[in-house]
Every structure is written in C-alpha cells, then in structure tokens.
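Reviewing the structure listed below.
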Amino acid sequence: MNKPKPLISAILNLNLHPKPLFSNPIHLMALTQTRITHSDPPQNDAEDDVLCSNPEQTQEEQPSSHSLDETPSFVGSPGKYLTGVSRFERAWAHWTKLGRPKLIVAPMVDNSELPFRMLCRKYGAEAAYTPMLHSRIFNENPKYRSEEFTTCKEDRPLFVQFCANDPDILLEAARRVESHCDYVDINLGCPQRIARRGYYGAFLMDNLPLVKSLVEKLALNLNVPVSCKIRVFPKLEDTLKYAKMLEDAGCSLLAVHGRTRDEKDGKKFRADWNAIKAVKNELRIPVLANGNIRHMDDVRNCLEETGADGVLSAETLLENPALFAGFRTSNWVVDNEKDSIDGKLDQADLVVQYLKLCEKYPVPWRMIRSHVHKMLVDWFRVQPQVREELNAQSRLTLEFLYGLVDQLRELGVRVPLHQKDDASATGNLAEVIGI
C-alpha cells in the first residue's frame with residue numbers, strides 16, 4: 001500500500017503513519033455501588049460480549065501513572081471552570097493547549113471504542129469521543145467499566161461521554177475518568193428509543209432545569225472541563241437559549257448536531273449548518289459542528305459556513321475511517337471528477353489494520369463484528385455469500401476474520417478509496433482550518 005499523498009499530509013498536519021502504540025490499555029475497575037434508576041441498555045449475545053482476546057499482563061506492564069481502583073484525588077480547587085470571565089479564557093486556553101483539533105471522531109455507541117479511535121487517529125483524526133457510557137451502570141458494574149472504557153497514552157485528546165439524569169451519579173462516574181481524559185462530556189443529543197425509555201440524551205431537552213443541574217454539578221466539582229453534545233430545537237431561538245443556558249451553567253465546549261430530536265435519519269434530513277453558525281456566533285466557548293460530514297470537501301464547507309472550531313463525523317467514519325486523511329468512498333466521487341484518483345488504499349486494508357489494533361487493545365466481539373460489516377459493506381454487495389458466512393458465525397475469531405479478508409481478495413473483489421488530485425482545493429482547505 002502506497003503512503004498517502006505528501007501534500008495532503010503536510011497541509012493538514014495529519015499523522016498518516018502508524019503511531020507507536022506502546023501503552024497498555026487502561027481499564028477502569030470497581031469502586032462503590034449506587035442506587036438503580038431508570039432502564040438498562042439492551043443486553044447483547046453472550047458470545048459477542050466476550051473480549052476478542054485476553055492478554056496477560058505482568059506487574060511491570062501494568063499502567064503505573066494512574067490509580068484505577070480508587071477515586072482520583074483533586075489537585076487545586078474544584079470548579080475552576082465556573083468563575084466569571086476567566087472561565088471563558090480558561091475554556092479557550094484548554095482548547096488551545098490541546099492544539100485546537102478540528103477533525104474529530106464523534107461518539108458512537110459500541111463503535112467509537114479504543115481500537116477504532118486509534119485507527120481514525122492514524123488517518124488524521126485529531127481528537128475523539130468514547131462511546132456513550134451509562135453513568136449509573138458505569139458506577140455499579142466493574143465488568144461494564146473495564147470493557148466499555150479503555151484508553152492508552154496515545155489516545156488523546158479524548159472526550160469521555162456519559163448519559164445521565166442524576167447529577168450525583170453523573171459526578172461519581174465522571175470522577176472515575178477525569179484523570180484519563182481532556183473533557184467529560186454529557187450526552188444531550190441521543191434521539192433513540194432507548195434514550196426515551198432511560199430518560200437521557202435528547203429527551204432531557206424537555207427538562208432544562210435538570211440539564212442545567214447536570215452541567216453545574218460537574219463544572220463545580222471536576223478538575224477537567226465539561227463539554228456537552230446537543231441537538232437543535234425546531235425553533236432557532238429555543239436552540240440559542242438552550243446553548244446559552246449550557247454555557248452559563250459551566251459548559252466549556254459545545255458540540256451541536258444540526259438536526260432535531262425527531263430527525264434521526266441522517267440520509268433523509270440534512271443538518272442545519274445555519275443553526276450551528278447562529279450558536280457559534282452566540283457563544284464565547286469553542287463550538288463544534290456535527291452533521292453532513294462525508295468527505296473533506298464537506299469539512300471545508302462546514303468550517304467556512306458555520307465558523308465552527310471543528311467538525312465531528314460519525315456514520316461516514318464507520319465506513320471509511322480514513323476520511324480525515326482525504327480518502328473518500330466511491331459513492332462520494334462525482335462521475336465527472338477527473339481529479340479523483342485511486343488512493344491505493346481500500347477498506348480491506350483498514351479492516352486488517354483495525355484487527356491488529358484489536359489484538360493490542362481487546363474489545364467485545366460485538367464491536368468488531370459491527371465494524372467489519374460497516375467497513376466491508378460495499379465488498380459484501382459484490383460477494384454476498386461471504387457476508388452470509390460472517391453472519392453464520394456465532395463465535396468469531398481473529399483468524400476467521402483475517403481469512404475472510406483474504407477470501408474476498410481471492411475472489412477478485414477490490415473497492416478502492418479515492419483521493420482528490422487537486423492541490424488548489426487542498427490549499428483552500430488549509431486556509432479554512434488555519435494552517
């Protein structure tokens with residue numbers, strides 16, 4: 001596989017080569033139990049919940065810089081992000097210290113786990129969110145904690161996202177992770193049915209006093225800044241009031257998904273970039289844009305039109321984790337684009353790289369199964385019998401998955417990822433993102 005084009009790499013300042021992944025994954029272990037409120041996430045098949053591997057670590061290999069089995073001690077005064085004008089200065093100073101990342105992996109349940117985050121970082125992602133973590137279960141269940149949240153020293157900048165509806169439970173969960181991340185994020189945007197049943201995510205938009213109490217609780221008691229991810233209201237004025245309330249409550253960074261709670265289908269409903277622009281103009285903290293990011297042209301257009309400080313991508317990254325390195329799938333290549341070339345990289349290459357990261361950073365099989373399906377979706381359309389072989393496996397192994405990729409190649413399947421051979425377009429992007 002050829003290396004990505006040096007021009008794109010230089011202009012975007014992306015690290016397109018494998019980073020040295022020397023750190024052992026950090027797993028958060030048990031603390032105390034708290035009361036049960038609201039519904040649990042759905043349970044998955046037992047085999048798919050098993051970790052893909054379970055490498056033994058010697059005492060010398062265990063992370064030594066963090067205490068993972070007790071609540072982190074506080075350094076300095078809590079709530080340093082909730083004091084007057086200096087709070088905005090601190091919010092920007094923190095964002096600047098992180099390098100003002102603009103290309104960010106969005107939170108995705110069961111999909112933005114450590115191996116996938118590291119793959120996206122290899123191909124240009126400058127920051128990433130964990131999957132949404134259920135705060136109450138995170139506090140109560142050691143197995144959930146150790147499997148659902150893992151990280152390593154190269155996995156930064158990192159947002160750890162929780163859903164919650166109880167400020168005290170949320171704070172307990174946040175204290176467990178604050179020494180391992182750069183932001184603790186509150187999920188205020190999940191529109192799915194499970195969020196309605198559990199009373200979290202976008203369904204807290206009907207109870208703004210509760211939302212305010214969640215943000216204030218973290219802002220007053222954590223040593224890392226609090227971020228929030230929201231969806232917009234149907235009326236712009238309601239969205240602006242909502243965003244301002246979050247900022248006043250102590251939110252130090254706001255990610256705005258430009259769709260409403262009812263607009264769940266991203267293919268059917270376009271994100272409203274004008275609403276994101278209005279929020280950016282209203283607030284004094286960094287604002288990130290989420291929605292309609294399918295390739296780097298969208299990144300450039302979104303940053304230009306919204307003035308946002310960065311963009312998040314979710315669904316497109318699942319199919320193409322190399323999006324932020326300038327690669328795009330064939331369905332986003334216009335027929336008359338003469339400047340589009342074979343990028344000498346395909347999704348099978350990315351699957352193999354992802355599996356190697358899973359060997360290093362074990363995760364539940366359900367996550368691996370999901371990623372293989374999404375990354376190879378175009379390949380399975382050509383050879384559907386290979387997909388059926390995958391579906392028939394009640395218990396996966398890495399050997400089987402490596403063999404599945406080899407089988408597709410032996411059948412002559414190759415669906416290349418493309419790049420734009422256009423120096424001027426790349427130069428315009430460099431101006432937009434401030435390089």
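Conditions (1) modelled with pLDDT under 95; (2) in contact with a Cys (Cβ under 6 Å, 6 or more places away or on another chain); (3) of a type in the set (Lys, Arg), marked per residue:
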| position | (1), (2), (3) |
| --- | --- |
| MET245 | no, no, no |
| CYS251 | no, yes, no |
| GLY258 | no, no, no |
| LYS264 | yes, no, yes |
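Residue by residue through the range 173-229, note down the ones that are of a type in the set (A, V, I, L, M, F, W, C), more than 17 Å from PRO286 (Cα to Cα) and part of a loop (DSSP other than H, G, I, E, B).
The answer is CYS181, CYS190, LEU222.
Going through the range 195-230 one residue at a time, which ones are of a type in the set (Ser, Thr, Tyr) and either closer than 13 Å to LEU246 by Cβ or open to solvent by 40 Å² or more (accessible area, probe 1.4 Å) (or both)?
Answer for the range 195-230, where residues must be of a type in the set (Ser, Thr, Tyr) and either closer than 13 Å to LEU246 by Cβ or open to solvent by 40 Å² or more (accessible area, probe 1.4 Å) (or both): TYR199, SER213, SER227.
Among the residues that make up the range 182-194, is at least one of them within 24 Å of LEU288 (Cβ to Cβ), hydroxyl-bearing (Ser, Thr, Tyr) and crowded, with 23+ Cβ neighbours inside 10 Å?
yes
Please go through the range 304-328 and pick out each residue that is assigned to a helix (DSSP H, G or I) and open to solvent by 10 Å² or more (accessible area, probe 1.4 Å).
Passing the criteria: GLU304, GLU305, GLU315, THR316, GLU319.
Need at least 2 residues that are closer than 13 Å to ALA314 by Cβ, hydroxyl-bearing (Ser, Thr, Tyr) and in contact (Cβ under 8 Å) with a residue 60 or more places away in the chain per element, so show me which helices (runs of 4 or more DSSP H) inside the range 80-141 make the cut, counting only ones lying wholly within it.
none
Can you tell which of ARG300, ARG284 is assigned by the TED database to the domain that holds PRO191 and either over 27 Å from LEU222 (Cα atoms) or hydrophobic (A, V, I, L, M, F, W, C) (or both)?
ARG300
In the range 360-393, what residues are acidic (Asp, Glu) and touching an Asp or Glu at 6+ places or on another chain (Cβ under 9 Å)?
Restricting attention to the range 360-393, the residues satisfying the condition of being acidic (Asp, Glu) are 378, 388-389.
Passing the criteria: only ASP378.
Restricting to the range 394-403, give me the number of residues that are polar (S, T, N, Q) and modelled with pLDDT of 95 or more.
Within the range 394-403, the first condition is being polar (S, T, N, Q), and the residues that meet it are 394, 397.
From what is left, the residues that are modelled with pLDDT of 95 or more are 397.
Final tally of qualifying residues: 1.
Search the range 231-278 for residues being out of contact with any Phe, Trp or Tyr (no Cβ under 9 Å at 6 or more places or on another chain) and β-branched (Val, Ile, Thr), and hand back the single one that is surrounded by the most Cβ atoms within 10 Å (Cβ to Cβ).
Of everything passing the filter in the range 231-278, VAL256 is surrounded by the most Cβ atoms within 10 Å (Cβ to Cβ).
May I ask you to verify whether GLU154 is charged (D, E, K, R), assigned to a helix (DSSP H, G or I) and open to solvent by 10 Å² or more (accessible area, probe 1.4 Å)?
On the way: charged (D, E, K, R): yes; assigned to a helix (DSSP H, G or I): no; open to solvent by 10 Å² or more (accessible area, probe 1.4 Å): yes.
So GLU154 does not fit the description; no.
Which of the residues belonging to the range 293-303 are assigned to a loop (DSSP other than H, G, I, E, B) and surrounded by 20 or more Cβ atoms within 10 Å (Cβ to Cβ)?
Scanning the range 293-303 gives ILE293, HIS295.
Could you check ASP342 against (1) closer than 25 Å to ILE293 by Cα; (2) touching a Pro at 6+ places or on another chain (Cβ under 7 Å); (3) open to solvent by less than 20 Å² (accessible area, probe 1.4 Å) and say which number it fails?
(3)
The values are calculated or read from the model by the stated rules, or taken from the named source; none is laboratory data. All figures in this text were calculated on a predicted structure; none of them were measured in a lab. Because the Cβ atoms are built from the backbone with ideal geometry, glycine has one as well, and the counts that use them run over all protein chains shown. Each accessible area value is taken on the protein alone, full model and side chains, heavy atoms only, with ligands, DNA and RNA left out. Shrake-Rupley method; radii C 1.70, N 1.55, O 1.52, S 1.80 Å.
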